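For reference, the structure is listed below as structure tokens.
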Amino acid sequence: MKVRIGELAKMTGCQVVTIRYYEKEGLLKAPERTEGNYRLYGDEDIARLRFIRHCRQHDMSLSEIRDLLAFKDHPSAQCDWITSLVEKHIASVEARIQSLLTLKEYLSDLACQCSGGKGADCGILKSLDKGEHCAYCNKSNVKERQEKESSVL
């Protein structure tokens, strides 16, 4: 089955501009062209785009997807590195979950600052005015510095 780019977009839930970008980045092969210069995609292209979309939904970078596609196209080595890649993503998700739980705790504390006042008496606004003394922001800044330092090592 051969489809044009608009049909491919509908079939996969991927925007046309994104499909073109994936082609430009080499994730999708250059498609066949009609005499009128329309792009034509076959079953292999459809499957490949679905694979890319699935990887993106799992928060994989284009570079990681490129590596996975290269391995998928030419599986010549062990696939242990793929397990490591997924484990890295698990660790990242766990870190984000912890960060979101901390944010939730801070926002809950912030919500308790509301005493039903009006305008300038709003406890939440007063708390938000203390940005440089914000416990959550200070924790986040410390975590960011630690992550940057550990990624350099």
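Where a number appears in this text, it was derived from the coordinates with a stated rule and is not lab data. None of these values were measured; they are calculated from a predicted model. Please note: Cβ atoms are built from the backbone with ideal geometry, for glycine as well, and neighbour counts cover all protein chains shown.
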Next on the checklist: Distance cut-off 31 Å, Cα to Cα: go down the list Lys24/Lys104; Lys2/Lys72; Lys2/Lys24; Lys24/Lys72; Lys10/Lys104 and report the pairs above it.
Outcome noted: Lys24/Lys104; Lys10/Lys104
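What Kirkwood hydrodynamic radius do you get for region 1-60 when you take the inverse of the mean 1/r over all pairs of distinct Cα atoms, in Å?
On the way: mean 1/r = 0.0866 Å⁻¹.
Computed over region 1-60, the radius equals 11.6 Å.
Rank these for me by crowding, Lys24, Lys29, going from fewest to most other beta carbons within 10 Å. Walk me through the numbers on the way to the answer.
Details: Lys24 10, Lys29 13.
The order, fewest Cβ neighbours first, is Lys24, Lys29.
Set the Förster radius R0 to 22 Å, insert the Cβ-Cβ distance between Arg53 and Ser84 as r into 1/(1 + (r/R0)^6), and round the FRET efficiency to 0.05.
Calculated value: 0.45.
Is the shape of region 1-109 best called rounded, prolate or oblate, per the rule: a/c under 1.5 gives rounded, else a/b larger than b/c gives prolate, else oblate, with a ≥ b ≥ c the square roots of the Cα gyration tensor eigenvalues? Write out the running numbers ahead of the final one.
Working: a/c = 3.64, a/b = 1.71, b/c = 2.13.
Oblate shape, in that a/c is at least 1.5 and b/c is the bigger or equal ratio.
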Checklist entry - In terms of Cα to Cα distance under 13 Å, which aspartates and glutamates are near enough to Lys88, apart from those fewer than 8 places away along the same chain? => result Asp59, Glu64, Asp80
Checklist entry - What ranking of Lys130, Lys2 emerges when the number of other C-beta atoms within 10 Å of each C-beta is taken as an exposure proxy, fewest first? => result Lys130, Lys2
Checklist entry - Under a point spin-label approximation (7 Å from Cα along Cα-to-Cβ), what is the Leu40-Ile97 distance to one decimal in nm? => result 4.8 nm
